[in-house]
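Here is the structure we will look at.
The values are calculated or read from the model by the stated rules, or taken from the named source; none is laboratory data. Please read these numbers as outputs of a predicted model, since none were measured by experiment. Note that each Cβ is placed from the backbone with ideal geometry, even for glycine, and that neighbours are counted across all protein chains shown. Remember, those area values only see protein heavy atoms, side chains included, never the ligands or the DNA or RNA. Shrake-Rupley method; radii C 1.70, N 1.55, O 1.52, S 1.80 Å.
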Amino acid sequence: IAGTEVHFDYDEQDTTFVVERVASLVASSPRTGPLDYAIVRLARDTGRKPLIIARAGLTALANGGDRPSVNIIQHPEGSAKKVACRNNLVTRIDGSDIWYFTDTMAGSSGSPVFDDRWRVVALHKKWDFVTGVTYQGKDTAWVNVGTQMRAIIEDLSQKQQAALLGQLVLG
């Protein structure tokens, strides 16, 4: 954690952004475990409005029902902001994970995955190989995977992180 920085307002390449130092690691899960998350505390309050985290997870897809869409704001490999909106359907929900067709680029792990109300429903963590999945009329071999925020909230609760949970903006 020592020396870690967070960059804000990095919206375009070759632009000035705000740099904030990370003061500490507040909570985390094993990187190789099913959740793969880390929560850090910045060295100072930025005065920025926090993202709203979805308290409830996405639920199992109903037979023939509408598939939820998700959107991602990412900074692939530390580059400028990229936003993936629309045509980003969830294809599978299983326990703590969701699988979705959103465009992401390498190095986007940790990016927030939003629902259409712009609540964070998951953290993007990887792509995965799949078989027998069709998207927009074509067979596909790759989907993205994110950890549902509901699972992270449950993990924090089990770790008795009540003070931290009280600081999160849940919606």
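Using a probe radius of 1.4 angstrom, the carbon and sulfur fraction of the accessible surface of region 1-114 is 48%. The charge dipole of the chain, taken about the Cα centre with unit charges on the Cβ atoms of Lys, Arg (+1) and Asp, Glu (-1), comes to about 360 debye, rounded to the nearest 20.
Working from label points 7 Å from Cα in the Cα-to-Cβ sense, the Tyr135 to Glu12 distance is 2.9 nm. Our estimate of slack between Arg41 and Trp142, defined as 0.36 nm per intervening residue step minus the Cα-Cα distance, is 33.0 nm. Taking the 0 to 90 degree range and rounding to the nearest ten, how far is the long axis of helix 149-158 tilted relative to the main principal axis of the chain, both from C-alpha atoms? Here the helix axis deviates by roughly 50 degrees. Listed cross-link partners Lys49/Lys125; Lys82/Lys125; Lys49/Lys81; Lys81/Lys126; Lys81/Lys138 are compared with a 20 Å cut-off, the Cα-Cα value being larger for Lys49/Lys125; Lys81/Lys138. Counting only helical runs of four or more DSSP H residues, what would the 222 nm mean residue ellipticity of the chain come to if each run contributes -39,500 (n - 2.57) and the total is spread over all its residues? The helix-only estimate for the chain comes to -2500 deg cm²/dmol at 222 nm.
Using the 1.4 Å probe convention, the accessible area of region 92-140 works out to 56 Å² per residue with neighbouring protein chains retained. Figure note: Ile152, Ile52 ranked by solvent-accessible area, largest first, 1.4 Å probe, ligands and nucleic acids not counted: Ile52, Ile152. Springs join every pair of Cα atoms under 10 Å in this Gaussian network model of the chain, and among Lys138, Lys159, Lys82 the largest mean-square fluctuation is at Lys138.
Three principal axis extents of the chain based on alpha-carbon atoms, in descending order, are 48, 42, 30 Å. I want the local charge near Ala23. Using Cβ-Cβ distances under 9 Å, sum +1 for each Lys or Arg and -1 for each Asp or Glu among the other residues. That works out to +3. Each Lys or Arg adds one and each Asp or Glu takes one away; over the other residues whose Cβ falls under 14 Å from the Cβ of Phe129, this sums to 0.
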